[in-house]
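Below is one structure, written out as structure tokens; comments come after it.
The values are calculated or read from the model by the stated rules, or taken from the named source; none is laboratory data. Because the structure is predicted, anything quoted here is derived from the model rather than measured. Counting neighbours? That spans all protein chains shown, and the Cβs are built from the backbone with ideal geometry, glycine included.
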Amino acid sequence: MERKIIISELINNALTESNGLILREKIEIFLKEMSEDDTITLDFKNITLFATPFFNASIGYFILNLGPEKFAKIFKLEQISELGQSTYQHSYENAVEIYNRNTNTDIVGEVTKTNIENS
Amino acid sequence: MIIPINNNSTKINIKKLAVDTNILLWTFYENTTYVQSYQKNIYPTFLSNIIEKNKCKVYTTVYNICELFNVIEKNEYELYIRNNCLTLESFNKKQYRAIKEERDRLQRTFDLLYNQISNCMEIIEFQINQSIIEEYIQTYKEHRYDIFDFVLLKFCKECNIKNILTDDVDFGSYQEYIKDLKIITANRNLV
């Protein structure tokens, strides 16, 4: 069965991490109720603002927890703008790299915080 | 004037806003996901609210984009050093720039960031001239602005933009330059 989430019914934009966490919570509810062959379609109609931290907090979280293969079997995106698709792809590739290399994200956070605060 | 904001600051009604480099980083740079901080929540939420609810016009300058790329390259270089058991002494930034895979990856990052930022705000080609450089040198001891901060202030004055969103504590360092401006910030050290 295909389950669909209309993103604009949950949030106004795909710009903030906090909106990513709202989407994550909705997906988690769906995943708990799903059978093995069910899929989740994310419909981005009317969403125009995008930033990578939004996808990291939502999609990226599931790539790291389910693994890229299982993620690809479950999730599908539709009605997403070109910029949204590029942003999603960027977040997807970063998450896969972190998953495959087992990157220590604490170090990433620590170095990044210092550099931004000193900028 | 310093205007403090927090996660619930939705009632600030402004029509034009200039955005500093650190706000661009906290909003758009992917690696902020792994940082524990107030900045990565408050600033993107504030920015999205004023764009969507207040229909506020948001601006940054080409110099802020230059600074953004510079900070990200430095950050990615230092992460490369840490992830590959190297040291800053044994592997310098020039050597890092010669790695094709890293160059390709950073190009994709810059391209995406530029498109995301252009989609949210206007990137202004403000012109730095000799008079601005001379003023910066003459007033250098009076404040703690770097040249990018100083140019953002000059841009705001010239374009009659009265509001700046920043997390940079240096913006409070010289009252003469900010007396007609509202410095909007979540940084309590600035407040």
Exercise. How about region B:1-21: which of its residues are surrounded by fewer than 24 Cβ atoms within 10 Å (Cβ to Cβ) and outside any strand (DSSP E or B)?
Worked result: B:M1, B:I5, B:N6, B:N7, B:N8, B:S9, B:T10, B:K11, B:I12, B:N13, B:I14, B:K15
Exercise. In region A:84-101, which residue that is out of contact with any strand residue (DSSP E or B) (no Cβ under 6 Å at 6 or more places or on another chain) and among the hydroxyl-bearing types (S, T, Y) is farthest from A:G20 (Cα to Cα)?
Worked result: A:Y99
For this session: Kindly provide the set of residues from region B:31-53 that are facing chain A (nearest Cβ under 7 Å), under 24 Å from B:L106 (Cα atoms) and crowded, with 19+ Cβ neighbours inside 10 Å, ordered by number.
Result: B:N31, B:T32, B:T33, B:Y34, B:V35, B:K40, B:P44
For this session: Quick one: in region B:15-30, of everything that is at the interface with chain A (Cβ under 7 Å from one of its Cβ atoms) and of a type in the set (V, I, T), which residue is farthest from B:I183 (Cα to Cα)?
Result: B:T27
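How about chain A: which helices (runs of 4 or more DSSP H) wholly inside it have at least 3 residues that are small (G, A, S)?
In chain A, A:82-101 are the helices (runs of 4 or more DSSP H) which contain 3 or more residues that are small (G, A, S).
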Exercise. Would a scan of region A:29-45 turn up a residue that is surrounded by fewer than 16 Cβ atoms within 10 Å (Cβ to Cβ), modelled with pLDDT of 95 or more and within 14 Å of chain B (Cβ to nearest Cβ)?
Worked result: no
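Which of the residues spanning region B:105-121 are surrounded by 13 or more Cβ atoms within 10 Å (Cβ to Cβ) and out of contact with any His (no Cβ under 8 Å at 6 or more places or on another chain)?
B:R105, B:L106, B:F110, B:L113, B:Y114, B:N115, B:Q116, B:I117, B:S118, B:N119, B:C120, B:M121
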Seminar exercise, completed: Going through (1) part of a helix (DSSP H, G or I); (2) closer than 17 Å to B:Q116 by Cα; (3) aliphatic (A, V, I, L, M) one by one, B:L79 fails only at (2)
Exercise. Given the residues B:I128, B:I124, B:I132, which is the only one that is away from chain A (no Cβ under 14 Å), surrounded by 13 or more Cβ atoms within 10 Å (Cβ to Cβ) and in contact with a Cys (Cβ under 8 Å, 6 or more places away or on another chain)?
Worked result: B:I124
Seminar exercise, completed: Of (1) modelled with pLDDT of 95 or more; (2) surrounded by 14 or more Cβ atoms within 10 Å (Cβ to Cβ), B:Q95 fails just (2)
Problem set entry | Residue among B:E102, B:E89 that alone is over 20 Å from the mean Cα position of the chain (by Cα), surrounded by 15 or more Cβ atoms within 10 Å (Cβ to Cβ) and farther than 28 Å from B:D149 by Cβ | B:E102
